[in-house]
Every structure is written in C-alpha cells, then in structure tokens.
Amino acid sequence: MRVLLYSIQSALKNLWAEKWINLLTTFSVGIGLLILSAFVTVTLNMDSVLKKWGKSFGIVVYLDDAISAETTGTVRELFKQDTDILEVIYISEDEALKELRNILGEDASILENLENNPLPSSFELKLKRDLLDPVFVKKKAGEIKKMSGIAEVQYGEKWLTSLNTVSRLMKASSIFLGGAILIAIIFITYNTIKIFFYRRKEEIETLKLLGATKSFIRLPFLIEGLVLGIIGGIIGSLALFGIHSLIVAKGFNFMPSVRAIIISIPLEIFLSIPIVGALMSIAGSFFAVGKIRY
Amino acid sequence: MGVVFQDFRLLNNKTVFDNVALALRIHNMHPKEIKDDVNNVLKDVKLKHKAHTLPQHLSGGEQQRVVIARAMVSKPTVLLADEPTGNLDSANSEIIMNLFKEINARGTTVLIATHNESLFHESGRRVIYLKDSAIESEVSG
C-alpha cells in the first residue's frame with residue numbers, strides 16, 4: 001500500500017515534470033476517443049432509426065377473389081399461430097377501396113364509374129424485427145404464396161436489402177474504426193511511456209542498484225499511463241458533450257436532417273469514454289514497461 | 001550491504017532528503033520511520049541543513065556525503081565504496097575518509113576500492129592489493 005501511494009505520488013510528479021509531452025498525448029488520446037464515441041453515437045442513433053423504420057415494414061398478402069370466409073379465417077389463424085409473425089392485420093375489399101379513396105382525395109371521382117370493386121382483400125403481416133433479413137423474408141414470402149387462397153405476396157425487397165446493407169455497413173465500420181482507434185491509443189501511450197522510460201534510464205539504473213523490485217520501478221509508469229488515458233478520456237467526453245450541445249442548439253436550424261441521426265447521447269457513453277481511455281492506455285503502458293530489462 | 005558509487009548516482013529531480021529516503025522506500029518502510037532515519041543519517045554526514053536542496057546545487061564533497069548517507073540509512077553491516085574520492089579534491093577527500101572512520105568506529109565494516117594510495121597508506125587498516133582481478137599482496141592493519 002505504501003509502495004502504491006509512493007508510486008502514485010511519484011507518477012503525478014513525473015507527469016507534471018513532462019507536462020508538454022503529456023498534454024500532446026492526452027489530446028491525441030482525447031481526439032481519438034472523441035472520433036470513436038461520436039461514431040458509436042451516430043451508429044446507435046442510426047440503429048434506433050432503422051429499428052423504427054423496421055417496425056413499419058410488412059408483407060402484404062393478397063387473397064384470391066373467390067376465397068371463402070372460412071378459408072380466410074383458416075389463413076388468419078395460421079398467420080396468428082406463426083411465431084415469426086408479430087402482427088396480423090386483415091384488410092377487406094371494402095376497406096381497401098376506402099383507403100384508396102382517401103389516398104386519391106379529390107381525384108377519387110374516377111372510382112365512381114367502377115361497376116365492381118377491383119381490389120382484393122389482403123393481410124398485412126409484421127415480422128419480428130430480428131427476422132428482417134432479406135433471405136429469410138424472401139423464403140417466408142415464398143412459403144406464404146404456396147398456401148391455398150393466396151393470390152400474391154408483396155414486400156419491399158429492394159428497400160429491405162438496402163436497409164440491411166446500411167445496417168451491416170455501419171456495424172462493420174464501427175468495428176473497423178473502433179479497432180483502429182483503440183490500437184492507435186495503445187500505440188500513443190506505448191510510445192509516450194517508452195520516451196519516459198528512456199528519459200529516466202539513469203534513475204531506473206540507480207533504483208536497480210539500490211535493490212528496487214520490478215514492480216517498484218514499473219508501477220509509476222503504469223500509473224502515468226492510466227492517468228493519461230483517464231485525462232484523455234475526460235477531454236474526449238467533454239468535447240463530445242460540447243459538440244453535441246452545439247449541434248442541438250444551432251446545427252438543427254441549418255441541417256434538419258441531422259436530427260434523424262443525432263437524437264441523444266446516453267450517459268453511459270460519456271462515462272465509458274474515460275474508462276476505455278484508461279484501459280487502452282494501461283495496456284499501452286503495460287507493453288512499454290514490459291521492455292524494461294533486468 | 002550499502003554501496004557508495006564513484007559517480008554518485010543521485011537523482012537530480014529529487015531533494016537530498018528524497019534521495020536518501022529512496023533506499024528505505026524501496027523496502028516499504030513506514031513514512032515516520034523513514035523521516036526519522038533519514039534525518040539522523042543526514043545529521044551524521046552533516047547535511048541536515050541541505051535536506052531540501054537538489055543534488056545539482058551541492059558541491060562534489062557534499063554530493064558524496066549524500067551518497068554515503070543513502071548507503072548508510074538502511075544500517076548495513078558492510079559498506080562498499082567504489083573510488084569514493086575519485087571525483088573530489090584533497091580537502092573533500094579527507095572529510096570523506098574521516099566519515100568512513102566514524103562509520104567504521106560505530107561497527108560497520110567499510111570496504112574501499114581505490115587507486116589513491118595516500119588514502120590507505122595513512123589509514124593503518126588492512127590493505128589488499130589487486131592486479132588484473134587477482135590478489136597480489138596484503139598488508140595487515
């Protein structure tokens with residue numbers, strides 16, 4: 001415990017003594033974490049937007065004109081029993097015509113000359129969000145089409161594929177960018193601690209000659225790395241908060257579409273930035289002090 | 001065993017007190033004990049008034065006394081001094097040698113490695129002559 005206290009004291013003194021290089025390191029770590037957290041925030045918000053859009057996705061099942069009420073009932077029951085289907089909405093021929101009239105508005109008069117209602121009755125099926133995979137939906141639509149009394153099955157195939165591609169792209173980018181930035185933070189801290197190590201080589205030699213243990217020599221370096229990561233993380237957190245506040249206060253007036261992507265930043269993001277910074281920096285320091293030879 | 005280095009090996013970013021205290025801190029001693037022991041040993045080497053001075057503001061002789069204090073603070077039974085007067089003038093050399101005599105009088109064995117023959121001629125102590133890492137001759141004190 002006494003060694004830990006002395007190491008903390010020693011690390012803080014050393015950090016202050018090397019304040020300019022440390023300032024550079026903390027800002028580099030902070031900027032890296034800012035980019036990462038901003039991207040994670042946008043991805044999270046985009047994902048929630050995609051989820052909202054996904055809720056409105058449905059498969060429209062058109063029924064045969066000659067379908068009996070009994071068969072319609074059977075089909076409805078089969079849909080309701082299907083665990084992949086979240087919601088089943090039946091739209092009768094009359095309801096379909098009424099909806100069309102609403103859509104046409106003033107032009108609805110063109111429908112007056114129709115002798116019969118040409119619109120078929122249909123079911124609108126909402127699938128579970130986690131099943132909105134284009135391959136799965138295509139397979140499901142194919143199975144439904146084979147059922148008796150079904151005339152046609154329609155769904156936004158292109159739309160669903162695009163949605164899926166965007167979602168996958170964002171997740172892949174998050175992993176790639178996140179990985180690259182985290183490695184960069186480890187590398188920045190590794191180099192800073194290595195510089196400290198070379199600058200204090202004589203001190204380390206003296207400590208070794210006086211009989212200091214490995215941990216006594218290494219601990220201050222690890223603490224220095226940890227502090228650099230935490231301060232870098234706090235800088236990143238504050239910068240993210242500032243930029244977000246600025247966008248919310250001014251940016252929406254100029255770019256209303258941004259509102260769809262930047263909704264809110266969970267508190268966990270702000271808190272996790274210094275933690276991530278600390279973990280990455282301590283990893284960098286750990287690799288650096290591993291090079292101290294005995 | 002305490003060691004006195006020829007090139008001092010003092011940490012220039014630490015005060016005299018902290019340099020001496022380092023030898024105890026690495027052994028995880030209590031801060032109160034460290035304070036007492038360091039003050040005592042600095043008094044022994046007559047540097048108590050320089051406790052908060054940085055080593056680069058001390059003379060060569062004073063720096064060597066800090067090194068002796070650092071070596072002695074953990075109360076070793078043997079003190080090894082490698083060319084302790086190698087970087088000092090004759091006046092400072094004499095002060096250091098007297099200090100070693102005091103340390104020895106208090107019960108610590110002092111082993112000095114030196115090329116300066118005048119140091120041991122007048123010491124009246126046991127002298128071992130080495131040549132190319134082998135003992136050449138010995139004079140009892």
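The values are calculated or read from the model by the stated rules, or taken from the named source; none is laboratory data. What you are looking at is a predicted structure, and each value in this text was computed from that prediction instead of being measured. Here Cβ is always computed from backbone atoms with ideal geometry, including for glycine, and neighbour counts include all displayed protein chains. Side chains included, ligands, DNA and RNA excluded: accessible areas come from the protein's heavy atoms. Shrake-Rupley method; radii C 1.70, N 1.55, O 1.52, S 1.80 Å.
Looking only at other chains, what is the average number of their beta-carbon atoms within 10 angstrom of each beta-carbon in A:205-212? Present the calculation step by step, with values, prior to reporting the outcome.
Numbers: counts 1, 8, 6, 1, 3, 12, 6, 5.
Going residue by residue through A:205-212 and averaging, the value is 5.
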(request) Could you work out how far the C-alpha centroid of region B:8-76 sits from that of region B:81-104, in angstrom? (result) 17
(message) Please give the charge dipole size of region A:79-186, origin at the Cα centre, charges +1 on K and R Cβ atoms and -1 on D and E Cβ atoms. Round to the nearest 20 debye.
(response) 900
(message) I'd like the orientation of helix A:2-17 relative to chain A: the angle between its Cα long axis and the longest Cα principal axis, in ° from 0 to 90, rounded to 10.
(response) 90
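How high is the relative contact order of region B:1-58, in percent, counting Cα pairs under 8 Å that sit 6 or more residues apart?
Working: 34 pairs, mean separation 28.9, N = 58.
Across region B:1-58, relative contact order equals 50 percent.
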(message) Out of all DSSP beta bridges in the protein assembly as shown, what portion is antiparallel? Express it as a percent rounded to 5.
(response) 70
(request) Could you pull the accessible area for residue A:159 with a 1.4 Å probe, rounded to 10 Å²? (result) 110
(message) What is the distance in Å between the Cα centroid of region A:133-195 and that of region A:1-75?
(response) 15
(request) Report, in degrees rounded to the nearest 10, the 0 to 90 angle that the Cα long axis of helix B:31-44 makes with the longest principal axis of chain B. (result) 50
(message) Which one, A:6, A:41, A:71, is farthest towards the positive end of the dipole of chain A when Lys and Arg carry +1 and Asp and Glu -1 on their Cβ?
(response) A:6
(request) Please average, across the residues of B:22-30, the number of beta carbons from any other chain that are within 10 Å of each residue's own beta carbon, and give a whole number. (result) 5
(message) Tell me the angle of helix A:201-210 to the major Cα principal axis of chain A, expressed in degrees between 0 and 90 and rounded to the nearest ten.
(response) 60
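Relative contact order of chain A: what whole-number percent is it, with Cα pairs under 8 angstrom and at least 6 residues apart? Please list the in-between numbers first.
On the way: 327 pairs, mean separation 95.5, N = 294.
Value for chain A: 32 percent.
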(request) Starting from the Cα of residue A:214, draw a straight line to each of the lysines and keep only those under 17 Å, dropping any in the same chain fewer than 8 residues away. (result) A:194, A:201, A:291
